[in-house]
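The values are calculated or read from the model by the stated rules, or taken from the named source; none is laboratory data. Here the structure is a predicted model, which is why all the values come from computation and not from measurement. When we count neighbours, we look across all protein chains shown, and the Cβ atoms used for this are built from the backbone with ideal geometry, even at glycine.
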Amino acid sequence: MIPLRLLIGLILSSIIGIAGYSRGALAFSGVVGAIVVGTLIFGFGGWTWGFLLVAFFTSSSLLSLYRSRDKALVSDRFAKGHRRDLGQTLANGGLGALLAVAYALSPIPALFAAFVGAMATVNSDTWATEIGVLSRGAPRLITTGRTVPPGTSGGITRDGSLAALAGGLFIGLCAVLFLAGERLVTGQPATIKTLWPLLFIGGISGLGGAFFDSLLGATVQRMYYCDVCEKETEQVIHHCDSRSRPLRGWGWLDNDVVNFISSGVGALLAAGLALF
């Protein structure tokens, strides 16, 4: 079954990747990353795993386009735009692909819960960012509570936090519905009642992972400062084409690495909740 699912995953992820490229949601390198990640998750995880990846990509891409003109005012603070490249696709889906391979080798239920947590985290983080930058209230740094400009790494808002919770619950709900549907098709015994804990696992792990992402962003993520624009930014070359100078953080810990690590924290949290 795995070779067949890999082939189906390759076809479906290619279609989704090309559609994402045509819609401006993916850069060309992002299409490559989406195909690799999607093929592995569909092939080794199965339909529910693959559909959860699609749910994340579709919802976060649509949200990225929501009020894009308003978000452009703070886009110069972010390392990358809404067109996901190879690094972003691997940061968001790479751990999920590894978990899918591990699940194929040893189908432990906690691995699926970990996958839900990883997807919930990257979805929560994306929803929080896309909604948080539009918040009317000023963001506050997660470590000190100090007011910071919109788009500042490590800054959180009430609206962004609620969006993070909603993003995690969305993935948890999709996990419940997709898994119930898959078991119904295959004739396995399953009721929505027994699967409901996945909803809360998605919400809690997604919110926890997103907050950890903000914590890293406020403390050790590599940040730069543009002396020309007098702004803190994640960009090495600022949008004004001037080179930014290192401001703080570890040199190797850029936004993509932060996202990958945070998805791991969400995965561990979800696996722990599933076990206990």
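Key figures
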item	result
Residues of the stretch 211-232 classified as surrounded by fewer than 23 Cβ atoms within 10 Å (Cβ to Cβ) and in contact with a Lys or Arg (Cβ under 6 Å, 6 or more places away or on another chain), total	1
Qualifying residue in the stretch 166-181 (condition: surrounded by fewer than 18 Cβ atoms within 10 Å (Cβ to Cβ), of a type outside the set (Phe, Trp, Tyr) and outside any helix (DSSP H, G or I))	no
Residues within the stretch 40-69 that are surrounded by fewer than 23 Cβ atoms within 10 Å (Cβ to Cβ), free of Cβ contacts under 8 Å to residues at least 60 places away in the same chain and more than 15 Å from the chain's Cα centre (by Cα), tallied	3
Residue that is nearest to the chain's Cα centre (by Cα) [pool: residues in the stretch 120-161 that are in a helix (DSSP H, G or I), crowded, with 23+ Cβ neighbours inside 10 Å and hydrophobic (A, V, I, L, M, F, W, C)]	122
Single residue of the stretch 70-86 satisfying the filter (crowded, with 18+ Cβ neighbours inside 10 Å and in a helix (DSSP H, G or I)) that is modelled with the highest pLDDT	86
Near pairs, Cβ below 8 angstrom, 6+ apart or cross-chain, from the stretch 236-260 (on the phi > 0 side of the Ramachandran plot) to any residue that is among the polar types (S, T, N, Q) and outside any helix (DSSP H, G or I)	249/221
Selection status of residue 184, farther than 22 Å from residue 143 by Cβ, touching a Leu at 6+ places or on another chain (Cβ under 8 Å), part of a helix (DSSP H, G or I) and free of Cβ contacts under 8 Å to residues at least 40 places away in the same chain	no
Top-ranked residue of the stretch 187-209 - restricted to ones that are surrounded by fewer than 23 Cβ atoms within 10 Å (Cβ to Cβ), in a helix (DSSP H, G or I) and β-branched (Val, Ile, Thr), ranked as modelled with the highest pLDDT	204
